[in-house]
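Rule-based calculations on the coordinates, nothing more; no lab input. Given the structure is predicted, the values throughout are model-derived calculations rather than measurements. Here Cβ is always computed from backbone atoms with ideal geometry, including for glycine, and neighbour counts include all displayed protein chains.
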């Protein structure tokens, strides 16, 4: 597996306590992959982290929900209630632009 960062950018440290069985399993898998334990753990931890972030960041809709979402996007805009307009105007008057 190719490294994507240079050595100089590796300034952070991760520490984990593991059972003897976990350590042996990880060492064996790393050896079979031709990687050091550290490289193996980092690569697989990053892969798991990216999958977790993708599941969190991506919205998946079934066919019915997808249809309802598109219909909502294509529907004509509804009239904004007066209370919302008033609240927005109050906000504009009390908050300065940055």
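Per DSSP helix of 4 or more residues, -39500 (n - 2.57); summed, then divided by the residues of the chain. What does that give at 222 nm, rounded to the nearest 500?
Helices in the chain give a 222 nm mean residue ellipticity of -20000 deg cm²/dmol.
Over the chain, what number does the Rg to Rh ratio reach, with both radii from the alpha-carbon atoms and Rh per Kirkwood? Walk me through the intermediate numbers first.
Details: Rg = 25.5 Å, Rh = 19.7 Å.
Using Cα coordinates only, the ratio equals 1.30.
Taking the Cβ of each residue in 12, 64, 27 as the centre, tally the other Cβ atoms inside 10 Å and list the residues starting with the fewest. List each step's numbers first, then the result.
Values: 12 5, 64 8, 27 13.
Ordered by Cβ neighbours within 10 Å, fewest first: 12, 64, 27.
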